[in-house]
Amino acid sequence: MSRIIAVVGESGRGKSHAIQFLDPESTFIINISGKDLPFKGWMGDYQPYSDDNPDGNYYETAEAEKIVGLLERINTTKPEIKTIVVDDYQYLMSTEFMNRAKEKGWDKFNDIGKHAWDVINTAKNLRRDLNVIFTFHVESIQENYKPKEKIKTIGKMVDDKVTLEGLFTVVLYADVEHDSDGGDNKYFFKTQTDGVNTAKSPQGMFEDYRIPNNMQYVLDKIEKYNKG
C-alpha cells in the first residue's frame, strides 16, 4: 500500500512551492488547475507526459477518470517514479461541479463525492514504494459556533459523503511568516492542529510544530519514522 500525504493552505502560502525540493527524476506531477508551477525552471524539469512522450513526468487534467488511469499506469509502468504530486486537488471537484451546474437534483453531488473518493482511494492502493502528495486549498467554516479550518470541497453535499482528512495519516498546513522589514518571507508547515485547523501527524514523526516548507524533508522524516 502506498503512502498518501495532504498539504493544505490558502493560496500563496507555499503548498506548490514545496514541490521544488523533490527530485524531478523520480517525481511525477498531475496538475489539476493547469496553472504554472511557482518555481524557477519547472518547465525544464517537468516534461509533458503523452503517448508520444512516455518518459514525461507532468500531466494536466481535471478529470477523475483520467487521473485514476494515470495513477495506475505510473504504478505499473514507471518504476523510477517514487513520488506523485496531485496539485490543486479541490479543482477536481469544482471543475466537475461547474461543468454540471445546469443539472438539477442531487445526483451530481453523489458523483462528485464518488470521484473524489476514487482518486484518493486509488492513490493509497498503489505500490509500497510510492508517495502520493495531494495539495488542497483551505476553507474556513463555523462548527458548533467555533471557527474551524478544513480541506476545501464544494460544500456540505460532498462533506456529508466523505471527510477527506480522515483518509490521511499526515495532514500538513502550509503557512507563511511575512518579514516586516522587507526581507524574504519564511514558508513553513504546521504538523499538528492548533485547535482550529485539521493538521495532524503521528506523535514523534516531526520534532517541531513548525517544520521547513520542503516536501523532500517531509518524506525523509516520514520514512525514518516508519522504519523506526
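Every number here is computed from the coordinates shown, using simple stated rules; none is lab data. Note that this is a predicted model, so its numbers are computed, not measured. So basically every Cβ, Gly included, is an ideal-geometry build from the backbone, and we count neighbours across all protein chains shown.
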Any helix of the chain counts here only if DSSP assigns it H throughout, its Cα atoms span 20 Å or more along the axis, and its mean Kyte-Doolittle hydropathy is at least 1.6, and such helices are none
Label K224 and T77 with points 7 Å out from Cα along Cα→Cβ: what is the distance between them in nm? 3.7
Mean ellipticity per residue at 222 nm, deg cm²/dmol - from DSSP H runs of n ≥ 4 across the chain, formula -39500 (n - 2.57): -8000 deg cm²/dmol
Rounded to the nearest 5, the percent of DSSP beta bridges in the range 3-227 running antiparallel is 40
Once you put a point 7 Å from the Cα of Q203 and another 7 Å from the Cα of S11, both along the Cβ direction, what distance in nm separates them? 4.0
Kindly write out, for the range 164-169 in residue order, the coupling ³J(HN,Hα) from the Karplus curve 6.51 cos²θ - 1.76 cosθ + 1.60 (θ = phi - 60°), rounded to whole Hz, with x marking Gly and Pro. 4, 4, x, 8, 10, 7
Scan the chain and report its longest stretch carrying no chymotrypsin sites (Phe, Trp or Tyr not before Pro) that are both in a DSSP loop and have at most 15 other Cβ atoms within 10 Å. 40-105
Going by Cα centres, the range 53-90 and the range 164-228 are how many Å apart? 24
Does the range 162-228 come out rounded, prolate or oblate, given a ≥ b ≥ c as the square roots of the eigenvalues of its C-alpha gyration tensor, rounded meaning a/c under 1.5 and, failing that, prolate meaning a/b above b/c? oblate
Residues whose modelled amide H sits under 5 Å from the amide H of V86, counting only those 5 or more places away in sequence or on another chain, are I30, I133, F134, T135
Applied in sequence order to the range 11-24, the curve 6.51 cos²θ - 1.76 cosθ + 1.60 (Karplus, θ = phi - 60°) yields integer Hz couplings, x standing for Gly and Pro, of 4, x, 8, x, 4, 6, 4, 5, 5, 4, 8, 7, 7, x
Convex hull of the chain built on C-alpha atoms - directionally averaged projected area, nm²: 14.2
